[in-house]
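What follows is one structure encoded as structure tokens, with my remarks underneath.
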Amino acid sequence: MIDPPHNIRITSLIESALEHFMVSDYNEAVRDLKAAEALDHTNPEILYNLGVNYARLGLHRTSLSYFDRLHDLDTGFVDSSSLRKIHCFVLLSLGEYKEAETIINRELHLFPESVPALGMKGYILEKTGRISDAESVYRKILTEKPDDLNAHNSLAWLLCRSKSKLKEALHHAGTAYKGNPKCASYCDTLACVLEKMGQKEKALRFYRQAHKLDPLSEEIAQNIKRITSGK
């Protein structure tokens with residue numbers, strides 16, 4: 001049993017961690033939470049927030065270890081649906097698609113219309129080469145949520161692989177871009193569709209816009225180089 005002074009200290013550390021999290025200072029949040037964990041290593045609130053903060057820091061395997069501990073505790077602190085989606089996200093970040101698919105299938109069995117879960121399922125299908133199945137999932141998302149920009153963008157990316165589907169790909173890519181022209185991924189997808197349609201000048205404009213938004217992307221830089229070099 002934890003004595004009252006420890007409870008007060010734990011509460012103070014969690015509150016401090018949340019304040020750091022709100023300003024994206026994840027390292028400081030982790031420091032507070034690790035201090036709290038030393039006082040109570042089975043506290044689900046501490047474990048959950050450590051998992052989230054480590055995920056934000058890109059330390060996905062460490063994050064995963066905390067979510068695994070939460071699953072083992074089987075407490076009611078964290079909504080099971082939310083935990084499954086976060087767990088799946090971390091697995092996707094690690095490229096562990098098989099395990100991620102098992103978890104997201106469980107979520108979709110319980111909540112078949114869940115747009116976030118469907119989005120992760122589509123991504124898994126795409127990454128594992130099941131393109132037509134991924135297309136079907138993204139179309140289902142757009143039936144449920146017609147203004148989902150990520151689904152429009154993802155569907156456009158898949159459709160532009162086929163010459164016969166370029167017109168539809170342009171529609172979805174354009175919809176995503178118009179919804180958020182400051183998203184590098186949307187600019188890049190639109191540029192890719194335009195390039196495959198033979199509109200290289202327009203494509204170059206959107207590739208350059210994507211590169212301005214994401215200057216560290218080597219892939220976008222190579223796309224620009226390819227067009228400007230005439231290859």
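Given a 1.4 Å probe, how much area per residue of the range 37-172 is accessible, in Å²?
Details: 6830 Å² over 136 residues.
That works out to 50 Å² per residue.
Between 0 and 90 degrees, rounded to the nearest ten: what's the tilt of helix 149-159 against the longest Cα principal axis of the chain?
50
In square nanometres and to one decimal, what's the mean projected area of the convex hull around the Cα atoms of the chain?
Computing the convex hull of the Cα atoms and averaging its projections yields 14.4 nm².
Can you work out the Karplus-derived ³J(HN,Hα) for every residue in the range 87-101? Use 6.51 cos²θ - 1.76 cosθ + 1.60 with θ = phi - 60°, whole Hz, and x for glycine or proline.
My calculation for the range 87-101 gives 4, 4, 4, 5, 4, 5, 5, 8, x, 8, 6, 5, 5, 4, 5 Hz in order.
What is the chain's relative contact order, in percent, from Cα pairs under 8 angstrom and six or more apart in sequence?
Numbers: 269 pairs, mean separation 18.9, N = 231.
Normalised by residue count, the contact order of the chain is 8 percent.
Fully extended, how many nm does the chain gain between Ala221 and Lys127 (0.36 nm per residue separation, minus their Cα-Cα distance)? Provide the component values of the computation, followed by the final result.
Details: separation 94, 0.36 × 94 = 33.84 nm, distance 2.26 nm.
Result for the pair: 31.6 nm of gain on full extension.
Given the range 111-193, report the % of alpha carbon pairs whose separation exceeds 16 Å. Walk me through the intermediate numbers first.
Numbers: 1583 of 3403 pairs.
Distances greater than 16 Å cover 47 percent of the Cα pairs.
Determine the alpha carbon to alpha carbon distance for each of Lys167/Lys200; Lys163/Lys200; Lys200/Lys225; Lys178/Lys225 and list only those over 19 Å.
Details: Lys167/Lys200 16 Å; Lys163/Lys200 16 Å; Lys200/Lys225 12 Å; Lys178/Lys225 25 Å.
Result: Lys178/Lys225 exceed 19 Å.
In whole percent, and with a 1.4 Å probe on the protein chains, what portion of the accessible area of the chain is carbon and sulfur?
On the way: 6740 of 12690 Å².
Of all accessible area on the chain, carbon and sulfur atoms account for 53 percent.
Compute the long axis of helix 60-73 from its Cα atoms, compare it with the longest principal axis of the Cα atoms of the chain, and write down the angle in degrees, 0 to 90, nearest 10.
Helix 60-73 sits roughly 50 degrees off the main axis of the chain.
Can you compute the modelled spin-label distance between His171 and Leu57, with each label point 7 Å from Cα toward Cβ, in nm?
4.7
Quick check on the chain: helices-only [θ] at 222 nm, where DSSP H runs of length 4 and up contribute -39,500 (n - 2.57) each and the sum goes over total residues. Nearest 500, please. Display every interim value, and only then the final one.
Values: 13 runs with 178 residues, N = 231.
Mean residue ellipticity at 222 nm (helix-derived): -24500 deg cm²/dmol.
Return the sequence-ordered ³J(HN,Hα) values of the range 170-181 in whole Hz as given by the Karplus equation 6.51 cos²θ - 1.76 cosθ + 1.60 applied to θ = phi - 60°, using x for Gly and Pro.
Here the 3J(HN,Hα) series is 4, 4, 5, 5, x, 5, 5, 5, 5, x, 7, x Hz.
Could you please put Asp147, Asp72, Asp188 in sequence from largest to smallest accessible area, using a 1.4 Å probe? The partial results should precede the final answer.
Numbers: Asp147 105, Asp72 130, Asp188 20 Å².
Output order, biggest surface exposure first: Asp72, Asp147, Asp188.
I'd like to compare 82-90, 20-28, 46-54: which one has the highest average count of other Cβ atoms within 10 Å, and what's the full order after that?
On the way: 82-90: 21.0, 20-28: 13.7, 46-54: 23.7.
Averaged packing, sorted descending, gives the order 46-54, 82-90, 20-28.
Please give the contour-minus-distance gain from His109 to Asp79: 0.36 nm per residue of separation, less the Cα-Cα distance, rounded to one decimal in nm.
Details: separation 30, 0.36 × 30 = 10.80 nm, distance 1.61 nm.
Computed gain between His109 and Asp79 is 9.2 nm.
Extending each Cα 7 Å along its Cβ direction at Asp25 and Glu96, get the distance between those two points in nm, one decimal.
3.2
Once both axes come from the Cα atoms, what is the angle between helix 4-22 and the longest principal axis of the chain, in degrees from 0 to 90, rounded to 10?
The answer is roughly 20 degrees.
If I take all pairs of Cα atoms in the range 1-122, what percentage of them are more than 27 Å from each other?
Value for the range 1-122 (Cα pairs over 27 Å): 21 percent.
The values are calculated or read from the model by the stated rules, or taken from the named source; none is laboratory data. In this text, all values refer to a predicted model and were calculated from it rather than measured experimentally. Cβ sites come from the backbone with ideal geometry, for glycine too, and all protein chains shown count toward neighbours. For the accessible areas, the whole protein counts, side chains as well, though only heavy atoms, and no ligand, DNA or RNA atoms are used. Shrake-Rupley method; radii C 1.70, N 1.55, O 1.52, S 1.80 Å.
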